[in-house]
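So the structure is just underneath, and the comments pick up after that.
The values are calculated or read from the model by the stated rules, or taken from the named source; none is laboratory data. Keep in mind that what you see is a predicted model, and the values were worked out from it rather than measured. Reconstructed Cβ throughout: ideal geometry from the backbone, glycine too, with neighbour counts over all protein chains shown.
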Amino acid sequence: MCLGIPGQIIEWVDVKTNIAKAEVSGVRRAVNVGLLADGPDAVDVGDWVLIHVGFAMSKIDEEEAKSTLEFLIQLGDPWHEELAELEGSKIE
């Protein structure tokens, strides 16, 4: 399915290549934050981002992240499938 899902940046994996680790509902994986590396949308540990196919597409606030996660959880099976795909994918 490939939903855009909110995740929180929890650590930097490699600043030089713009790879950070994000957590989405307990699932942790590396994401590319290069699209947000400069300017007002630059991200750091603790920030929330909208993730799509392994890339942080935009920076979002915590309230938006939580309301989006609540909605996604209500989807049921599509949400659980998306989490399983996220957990199984790798960006290193």
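Looking at region 28-39, can you tell me whether even one residue there is assigned to a helix (DSSP H, G or I) and modelled with pLDDT under 90?
Yes; the residues of region 28-39 include at least one that is assigned to a helix (DSSP H, G or I) and modelled with pLDDT under 90.
Please state which one of GLU23, GLU11 is within 15 Å of GLU82 (Cβ to Cβ) and of a type in the set (Asp, Glu). One residue alone meets the criteria, GLU23. Within region 13-20, none of the residues are in a helix (DSSP H, G or I) and loosely packed, with under 15 Cβ neighbours inside 10 Å. Residues in region 40-55 that are among the hydrophobic types (A, V, I, L, M, F, W, C), over 18 Å from GLU81 (Cα atoms) and either at pLDDT 90 or above or under 11 Å from the mean Cα position of the chain (by Cα) (or both): VAL43, VAL45, TRP48, VAL49, PHE55. Quick one: would you say LYS21 is over 16 Å from LEU69 (Cβ atoms), without any contact (Cβ under 8 Å) to a residue 12 or more places away in the chain and not β-branched (Val, Ile, Thr)? It is false that LYS21 is over 16 Å from LEU69 (Cβ atoms), without any contact (Cβ under 8 Å) to a residue 12 or more places away in the chain and not β-branched (Val, Ile, Thr).
Listed by first and then second residue, the pairs with beta-carbon distance under 7 Å, at least 6 apart or on different chains, first residue in region 57-74 and closer than 10 Å to PRO6 by Cα and assigned to a helix (DSSP H, G or I), second modelled with pLDDT under 85 and among the charged types (D, E, K, R), form an empty list.
Just one of the listed residues (GLU70, GLU81, GLU64) is at pLDDT 80 or above, more than 27 Å from VAL15 (Cβ to Cβ) and surrounded by 12 or more Cβ atoms within 10 Å (Cβ to Cβ), namely GLU81.
Of all the residues in region 40-56, those that are part of a loop (DSSP other than H, G, I, E, B) and of a type outside the set (D, E, K, R) number 6.
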